[in-house]
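Throughout, read-outs are computed from the coordinates displayed, never taken from laboratory work. These figures come from a predicted structure and were not determined experimentally. Note that each Cβ is placed from the backbone with ideal geometry, even for glycine, and that neighbours are counted across all protein chains shown.
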Amino acid sequence: MTVALNISALHGIYVTVADARRSAEWYASCFGMTESDYGSYCGIRLSEGSSIVLVESAIRNVYESSPFHFKCNDARRAHGELAKRAVKATEPVNWHNYVDFCFWDPDGNPVGVISDPAWSPHANNYFRTDGLFLGSARFESTLDWYLNLFGTEIEYDFTVATTSSPEARMCCLRGVPFTLFESPAGEIHHRFCDFRTSNAAADYAYFLEKGVRVTPLLSSTKRKSFSFFDPEGREFGFLEDT
């Protein structure tokens with residue numbers, strides 16, 4: 001199946017915090033993250049994958065599951081190191097060939113950690129920020145909307161335990177770094193993420209054809225960009241470097 005849009009990667013994931021500089025220093029200390037160029041925002045990243053964009057806001061996002069995860073070579077070692085720092089975390093569990101757990105940053109944002117013995121070793125145990133997990137209060141209709149929008153299908157369909165449900169449905173979409181899960185208590189107050197696209201103008205025209213709410217397409221010598229909104233009002237950016 002061919003995905004209808006020209007998404008090439010997940011570029012940035014927005015996280016609300018009280019103090020962006022303090023949070024950046026905490027992530028750098030715990031995970032070896034470095035600063036990334038993200039315009040007026042404070043961006044941090046691992047050696048691979050997308051940036052975390054730290055947004056100072058008095059109104060925080062509420063997540064029932066981690067909105068993204070860190071890939072690492074050894075999740076159990078990572079868990080032990082966080083325990084020494086008194087970081088709140090769940091216990092590591094085996095899931096198929098993976099080991100994973102969740103921790104909470106100083107602002108209460110949950111972040112997943114996952115490892116697979118098949119992944120190549122890295123000098124820093126943590127090497128990639130990846131994955132996109134979005135909660136939905138109107139799961140069935142929103143899932144159908146995304147399947148139609150992306151022109152894709154469900155790749156994995158399973159349940160997870162959240163604060164609202166012991167068996168919340170979670171669906172990973174094929175060919176898109178995107179997973180939707182049932183979450184009546186989640187709240188997103190800022191742009192959720194930015195996708196990289198290889199053709200912003202074509203994607204913009206596609207959204208207009210689909211009747212999707214979008215912001216104007218902006219174009220400069222360095223970048224083309226716009227945002228779209230899903231049925232539950234969440235904003236997503238599309239960026240193309242030119």
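Candidates in the stretch 1-43 are the residues that are in contact with a Cys (Cβ under 8 Å, 6 or more places away or on another chain), assigned to a strand (DSSP E or B) and not charged (D, E, K, R); of these, the one that is farthest from Glu240 (Cα to Cα) is Tyr14.
Looking at Gly43, is it without any contact (Cβ under 8 Å) to a residue 40 or more places away in the chain and either of a type in the set (D, E, K, R) or closer than 24 Å to Asn124 by Cβ (or both)?
yes
Just so you know, in the stretch 228-242 the residues that are over 23 Å from Phe139 (Cβ atoms) and touching a Ser or Thr at 6+ places or on another chain (Cβ under 8 Å) include one that is surrounded by the fewest Cβ atoms within 10 Å (Cβ to Cβ), and it is Thr242.
Considering only residues in the stretch 90-111 that are surrounded by fewer than 17 Cβ atoms within 10 Å (Cβ to Cβ) and in contact with a Phe, Trp or Tyr (Cβ under 8 Å, 6 or more places away or on another chain), the one that is farthest from Asn125 (Cα to Cα) turns out to be Pro106. Restricting attention to the stretch 51-88, and to residues there that are surrounded by 17 or more Cβ atoms within 10 Å (Cβ to Cβ) and of a type in the set (S, T, N, Q), which single residue is farthest from Ala118 (Cα to Cα)? Among those residues, the one meeting the criterion is Asn61. Out of all the residues in the stretch 57-78, is one or more over 16 Å from Asp130 (Cα atoms) and in contact with a helix residue (DSSP H, G or I) (Cβ under 8 Å, 6 or more places away or on another chain)? No.
Figure legend. Inter-residue proximity from the stretch 218-237: first residues without any contact (Cβ under 8 Å) to a residue 24 or more places away in the chain, second residues outside any strand (DSSP E or B) and among the charged types (D, E, K, R), beta-carbon distance below 7 Å, spacing 6+ or different chains. Indicated pairs: Phe228/Arg213; Phe229/Arg213. Which of the residues that make up the stretch 32-50 are crowded, with 21+ Cβ neighbours inside 10 Å and in contact with a Phe, Trp or Tyr (Cβ under 6 Å, 6 or more places away or on another chain)? Listed by number, the residues that qualify are Met33, Ile44, Leu46. Scan the stretch 1-41 for residues that are under 15 Å from Gly108 (Cβ atoms), out of contact with any Asp or Glu (no Cβ under 7 Å at 6 or more places or on another chain) and of a type in the set (Asp, Glu) and the total you get is 0. Selection of the stretch 112-122 for residues being aliphatic (A, V, I, L, M) and surrounded by fewer than 15 Cβ atoms within 10 Å (Cβ to Cβ) yields only Ala118.
Please state which one of Ala205, Ala185, Ala161 is farther than 25 Å from Pro110 by Cα and aliphatic (A, V, I, L, M).
None of the others qualify; the one that does is Ala205.
Within the stretch 6-15, is even one residue under 22 Å from Val87 (Cβ atoms), in contact with a helix residue (DSSP H, G or I) (Cβ under 7 Å, 6 or more places away or on another chain) and buried (at least 16 other Cβ atoms within 10 Å of the Cβ)?
Checked the stretch 6-15: no residue is under 22 Å from Val87 (Cβ atoms), in contact with a helix residue (DSSP H, G or I) (Cβ under 7 Å, 6 or more places away or on another chain) and buried (at least 16 other Cβ atoms within 10 Å of the Cβ).
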